[in-house]
1. So what is the diffusion coefficient of the stretch B:55-148 in µm² per second by Stokes-Einstein at 20 °C and 1.002 mPa s, using a Kirkwood Rh over Cα pairs?
2. Tell me the relative contact order for chain A as a rounded percent, counting alpha carbon contacts under 8 Å between residues six or more apart.
3. Compute, for the stretch B:462-610, the length of the dipole vector about the Cα centre, with Cβ point charges of +1 (Lys, Arg) and -1 (Asp, Glu) only. Units Debye, rounded to 20.
4. Just subtract the alpha-carbon distance of residue B:453 and residue B:685 from 0.36 nm times their residue separation and send over the number in nm, one decimal.
5. Heavy-atom accessible surface, probe 1.4 Å, ligands and DNA/RNA ignored: which residues of the stretch B:49-75 lose at least 10 Å² versus the isolated chain?
6. Any number yet on Rg/Rh for the stretch B:465-620, C-alpha, Kirkwood?
7. Quick one: Cα convex hull volume of the stretch A:1-137, Å³ per residue?
8. Calculate for chain B the 222 nm mean residue ellipticity that helices alone would give, adding -39,500 (n - 2.57) per DSSP H run of length 4 or more and normalising by residue count, nearest 500 deg cm²/dmol.
Amino acid sequence: MPRLRINGDVRDVNVPPDTPLLWVLNEQLGLTGTKYSCGISECGACTVLINGEPVLSCGLPVSEAEGVDIVTIEGLHGPVADALRNAWIAEDVVQCGYCQPAQLLTAAALLSTNFNPSDEDIDAAMSDVICRCGTYQAIRKAIHRAAGEIRHEKK
Amino acid sequence: MKKNNIDQKRRDFLKLGFVAGSGLLIGIHLPGCTEAANQSVSTPEIQDDEFKANAWIKINSDGMITVTVSHSEMGQGISTAISMIVAEELEADWSKVRFEMAPVEDVYKHPKYGIQWTVSSMSIHASWDLWRKAGASARQLLILSAARFWGVSVNECLAENSTVIHKPSSQTINYGELIDKTDGLSLPENVRLKRPDEFKIIGKSVLRLDSHEKIDGSAVFGTDVKVPGMLIATIVHPPVFGAGIKSLDAREALTMPGIKNVLTIETGVAIVAETFWQASSAIPSLNIEWEKSDNRHVSTRQLFKRWKKLGAKEGKVFFEEGDVKPVFESTSRVVEATYDLPYQAHATPEPMNCTASVTKTGCEIWVPTQNQKGAQEIAARITGLDNEQIRVHTTFLGCGFGRRALVDYVGEAVEISRKINAPVKLIWTREEDIQHDFYRPATHNVMKATIDSHGRPTAWLHRIVGADVFAQAMPKVISGMMPDSTPRFLKNMATSLAETFLPRIIAGKKAIKSAGPLPYRIPNVQVEFINDDPGIPIGWWRSVAPSANCFAVECFIDELAAAGKRDPYELRIELLGANPRLQHVVRKVAEMANWYEPPPNGTHRGIAAHDFQSTMMAYVAEVSVNDFNEIMVHRVFCAVDCGIAVNPGNIEAQVISALAFGLTATIKSSITFREGKVEQGNFDDFPVLRMDEMPRVEVFVVPSNNPPTGIGEVGVPIIAPAVANAVYAATGKRLRSLPLRLDEA
């Protein structure tokens, strides 16, 4: 029985070891902020953070997710997350919202290592997550805004 | 409203609503609960401490105002916009306004179409006055109740910020304190509506009401619905469209973990399991033999060959101004070109899905749909229940783009639930979603024009060959436009008659939208349509026919400008002399782009404009072509006039969204058929625009006091011609089919 560390909690899940992490989170644990959209690691809607790095959970067997720290949108907290959420609201980023948990998690990973990303840094970090609503420009603005807030806090 | 406010009686009803910031509100209706099933759906839940002013407004004792939203929220911001419009006339404190989705009820019908749905960028345009009146009459009722309570003249009272004020005494009372003081008063009619210069909320960039729940993972989309005892299903449709099932061998699938059932339904084979992962993992183990369908010979390559031949002959004229024939016969300066548009998939990020719970006495549906009435109708047809026994709960939609105006997935979930006698959530795989869409139809466009010695067009012929969306789609929704009291057999008869005769009657009428009439002053115009429907399923795709027609029109105008050695911007300005609103946005966009200055290094410009249902829009795109012949779109300027801008920030967001949607179809993806099957299946072979491909977009919204027009779709049709015209400026090559490919030119 796979044992997972998710959002700081230890969870034992009764699923075959080849079950993708996406479905363990979404169906077994009710963490529905992790979304299914393509199932082939193309669109990024299922992004979670594993040891702080964005990973597409639809392509990751649960057996390979043991012994690592998994963070989903429901467990994304802290100063970077707060700055990002505030910026997401202030820039009115969301539209349909289906991919936004994945966008926020990916942005959080970027800002945890780079407090002053350029547009190119943002594009490089964020291009794994498709937004069919095309909120990309607002996401860029929101990441810059959040980065500015984080830099300001650190001064 | 909070969960703990729902009393026990109301817990008997399964209810799903959205209240900004508080997420999912849910009560339970277990199958077999006849009380719930018999409860009329036309009674939206009202809490004990709530006052329902009318179909749109509820106020509780804390002063919280809940606006009932009759249109689906699929990202376009309608839930915020309706709330703003109601709150404006209600004189509401905006910080106390939230929204919930409407049930199916006649009062929530789209006034233009007579069916409760969200389509055609028509929500605000059609219902703006209705919502304003709802807000104004409720406000007046609250003022009346305050005046009566105080024993003062109503003329001495006014309302602002959710408070009624008695001017002479300066005493005030909040809306929340008034809700138990309205007894015996009726809603005033003919209340004066505000002038635009009196607006406090409308016209300001207001932040969306649905942000919080969409950034913490709590927003409930269709795929997130949970119902007690629910099983999960997925479906396999015939790979060749229209093929029936000859035989099904599910023995292996039924031995797999969690698989509960495999069954044949109207549209395919459903696999029912405990989880979606189990259901979808069992697909490859199914042994299905499909019947041979005549459609197995359909290929888009062959189709375009056929259309090329058909397009060489005259078609049926659907729009005519002047007479093109004598001009073509007498003029030597004739320009001709053909444009080909492919099929397009909607590719909504949330795949098609629906949750249904059917019992003998009722049916509950939770679904991300644009067509609530259609959902109820298809469920009534399949279950034999009456419309009022069917409750439809609208979740958030992971995009719609018109795909969710059709309700095939609802019918499937209802049929599965009825057959397995359990609540079921049906989720399509992405592959099924891409391969069993109702596509934007492909068309072949024959263009012919003459120009005079000043380079002005004198005659214009546009012949469109293909199928008409409305001919295929209208029969599917027609029964939803009939009164509930119509007997089922009559509804079925109407549907069947519509399928037989409607295509012949209506094919072409709406297929020429944006092709005729043209916004440009050309003395002789003829627009023809040749109806040739290969049977490929087609549907409404964000902006519908103009998504194709504008490519042909706006590229061909550019070709005429080049042939007449005219600047493409100046030619448009000259031809728009009788259309000052569109002329103004074209001037504006040229000004934004510094049209007369050289474009930034290495880039080239293209311009395009159109009038989409009286929303005027123009783009200038800055484009470059790299050494690998790849087209890169760096920056796009946009000017748009959509009448009163209810929420300017959201209008900008919708323009950018539509542009991104159109850009995927411009430079990235299309749907092709081979041997009756769709050749694409997921985001690897139907790629969607990513962040590093997204241009910078600058939007100017023209200030206006005209009633608002639509904004959700207008940005789609003209991005392709703007980019194609820029590619011509960059390379001298005219690309006349989409997606644009220089290596094939």
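1. Values: Rh = 13.6 Å.
Estimated diffusion coefficient is 157 µm²/s.
2. Working: 265 pairs, mean separation 36.7, N = 155.
It rounds to 24 percent for chain A.
3. In debye, rounded to 20, the stretch B:462-610 gives about 380.
4. Values: separation 232, 0.36 × 232 = 83.52 nm, distance 4.72 nm.
The residue B:453-residue B:685 span can extend by a further 78.8 nm.
5. For the stretch B:49-75, once contacts with the other chains are taken into account, B:75 lose 10 Å² or more.
6. On the way: Rg = 20.4 Å, Rh = 18.3 Å.
Across the stretch B:465-620, the Cα-based Rg/Rh ratio is 1.12.
7. On the way: hull volume 13.7 nm³, N = 137.
Cα-based convex hull of the stretch A:1-137, divided per residue, equals 100 Å³.
8. Numbers: 20 runs with 218 residues, N = 745.
That calculation yields -9000 deg cm²/dmol at 222 nm.
The values are calculated or read from the model by the stated rules, or taken from the named source; none is laboratory data. Predicted, not measured: the structure shown is a model, and the values here were computed from it. No Cβ is skipped: glycine too gets one built from the backbone with ideal geometry, and neighbour counts run over all protein chains shown. The protein model used for the area step is the full one, side chains on, heavy atoms only, and it has no ligands, DNA or RNA in it. Shrake-Rupley method; radii C 1.70, N 1.55, O 1.52, S 1.80 Å.
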